[in-house]
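One structure below.
The values are calculated or read from the model by the stated rules, or taken from the named source; none is laboratory data. What you are looking at is a predicted structure, and each value in this text was computed from that prediction instead of being measured. Note that each Cβ is placed from the backbone with ideal geometry, even for glycine, and that neighbours are counted across all protein chains shown.
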Amino acid sequence: MTTAAITSITRPQYICIDWENVQPEVFPSLHAEHVNMLVFVGAQQGKLSFPVVEAVQKMGSRAQYVKVTQPGNNALDMHIAFYLGKIASEKPTAYFHIISKDTDYDPLVQHLKSLGIGAKRHSDVMDIEWIKHTKSIALAKESNDFFQVAVEWLQARSNNRPASVQAIKNTLKSAALGNSLDDTQAETVFNELVEKKYVVVHGAQVIYPKF
């Protein structure tokens, strides 16, 4: 997971689903106010699955359907491109997640990136990095085992890991583990990282030899 892919959790996130190409069966909880969703439905598509309808309803004004009215080659793709451009002009800090297995979107994604607009294509909603991380934290809460989540989080941040002992402990409590731990629990996870040599302490600084 690159820094660009992670993105700031406070910047506007737009999940744009190509419903002609993929029909996700599972949707995560998308309660955060900075998360928005657009479901693009083909001109000849008349049915939507219950999970997507439920997700759109729960998100209220932050989610909408965009129905393509006329059939045609790449008609839905053009609608997605139009809405991305429109939203990007209104909200230049927005990050876009195109949900589709269609690699024809990749040149569009690269062009957006060249303009400084955050974008990435995913084959499924659950492939979005911060959604996967949120799910991992939820599972860790159930088992009370946060060690593997911490390892995965550090592994993903190849260019931006905490450099000091205090910084990594603070990070374990906040961003890495979603404010799920108290000081004692964060200390336990940190000690396990050190014990298993994922983290090596040099004075007040740390290095990551296994990543």
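From the list Gln44, Gln57, Gln70, Gln64, exactly one residue is touching a Pro at 6+ places or on another chain (Cβ under 9 Å) and among the polar types (S, T, N, Q). Which is it? Exactly one of Gln44, Gln57, Gln70, Gln64 is touching a Pro at 6+ places or on another chain (Cβ under 9 Å) and among the polar types (S, T, N, Q), namely Gln44. The residue that is modelled with the lowest pLDDT, among those in the stretch 43-55 that are surrounded by fewer than 17 Cβ atoms within 10 Å (Cβ to Cβ) and among the small types (Gly, Ala, Ser), is Gly46.
Table: residues versus (1) surrounded by fewer than 19 Cβ atoms within 10 Å (Cβ to Cβ); (2) farther than 30 Å from Ile80 by Cα; (3) at pLDDT 85 or above; (4) not assigned by TED's automatic domain parsing to the domain that holds Ile98.
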position	(1), (2), (3), (4)
Gly116	yes, no, yes, no
Lys135	yes, no, no, yes
Pro162	no, yes, yes, yes
Leu181	no, yes, no, yes
Thr188	yes, yes, yes, yes
Asn191	yes, yes, yes, yes
Val200	yes, yes, yes, yes
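For the stretch 100-117, filtering for residues that are of a type in the set (A, V, I, L, M, F, W, C) and assigned to a helix (DSSP H, G or I) leaves 3.
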